[in-house]
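What follows is a single structure, written as structure tokens, with notes after it.
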Amino acid sequence: MRIFDPHIHMTSRTTDDYRAMHAAGVRALVEPAFWLGQPRTSPGSFRDYFDALLGWEPYRAAQHGIQHFCAIALNPKEANDPRCLPVLDELPRYLVKDNVVAVGEIGFDAMTEAEEHAFTVQLALAREHDLPALVHTPHRDKHAGTARTLEIVRADGIDPALVALDHLNELTAPLVAASGCWMGFSIYPDTKMDPDRMVSILKEHGTRRVLVNSAADWGHSDPLRTHATAVAMLDAGFTEDDVDQVLWRNPVEFYGQSGRLLLDEAQHPADEGTFAGNSIRRGGS
């Protein structure tokens, strides 16, 4: 079984998670930019974070045989802080980087005017840079938030095939299925979707234009929920080809639209020797 996790925040995970993910079949992932728990107070902290998504995390993932790609954006939650808004002007220089395969996460958290402004600006950037857009739908008032999101996508004129609306559920999936956009589902241990509910949605809507992810952020989450969903699909009568489509070929198709998704399926964990007593090579001072 091969797995591509299309939305997982490895910045919040340990090296043990990388090991377990590789053992479960994860060979590639996309890490979208998001908030770090503690509010950031200046654009400089975003620059450091973006640089880590482009340098440190791909190196850390490669140590465990996993290819790491990223999406770059000002996330919806921090779009409400005026101190963070200058980040919008700095995004274009990051969106041309080879390892950036999407603009994201963008969209809504609390559905404020500030979030809508940042969303429209970044959706236009995705269109201008010919990049897919990974869109966060709000966790509260989700139906209204998803409907408004689709209105903004249509008004922008971006090809809906380049847009994935994430954090969907049974209530919002039909809205997105009819839009031409991709449907994204985050599988969690307790909240949002679980593997059995995901199987029910796949039975109703099919396996095309569906992205299944673990998100695996700062809260109670599990980076192996993609594998659990694959097992649940097989137990429910889906074929191995169905599983491969949902857990591998779909994310490859979506992010492949960036023209930057260069996969090495034969990648192996790096030699875990030591470097001056450390398990990873440390840069110069």
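A Gaussian network model of the chain, with springs between Cα atoms under 10 Å, assigns the largest mean-square fluctuation among Ala147, Ala73, Ala173 to Ala147. Classify region 69-209 as rounded, prolate or oblate, taking a ≥ b ≥ c as the square roots of the eigenvalues of its Cα gyration tensor: rounded when a/c is under 1.5, otherwise prolate if a/b is larger than b/c and oblate if not. In terms of gyration-tensor shape, prolate.
For Asp222, the residues whose modelled amide H falls within less than 5 Å of its own, excluding neighbours fewer than 5 places apart on the same chain, are Ala216. Considering only Leu261, Leu168, Leu53, the mean-square fluctuation computed in a Gaussian network model of the chain, springs between alpha carbons under 10 angstrom, is largest for Leu261. Rounded to the nearest Hz, the phi-derived 3J(HN,Hα) couplings of region 118-130 under the Karplus curve 6.51 cos²θ - 1.76 cosθ + 1.60 (θ = phi - 60°) are 5, 4, 5, 4, 6, 5, 5, 5, 4, 5, 5, 9, 6, where x marks glycine and proline. Counting every pair of alpha carbons in region 1-138, the share spaced more than 17 Å apart comes to 57 percent. In this simple spin-label approximation, Ala144 and His129 carry label points 7 Å from Cα along the Cα→Cβ vector, and these lie 3.2 nm apart. A simple spin-label model places the labels of Ser45 and Ala114 1.4 nm from each other, with each point 7 Å out along Cα-to-Cβ. Within region 226-245, name every residue whose backbone N is under 14 Å away from a label modeled 7 Å from Cα of Asp196 along the Cβ vector. Correct set: 229, 232-233, 235-236. Proximity of backbone amide H atoms, modeled 1.01 Å from N, is registered between Gly107 and Phe119, His136 at under 5 Å, excluding neighbours fewer than 5 places apart on the same chain.
No value in this document is a laboratory result; all are computed from the given coordinates. Just so it is clear, the model here is predicted, and its values are computed rather than measured. Glycine gets a Cβ as well: all are built from the backbone with ideal geometry, and neighbour counts include every protein chain shown.
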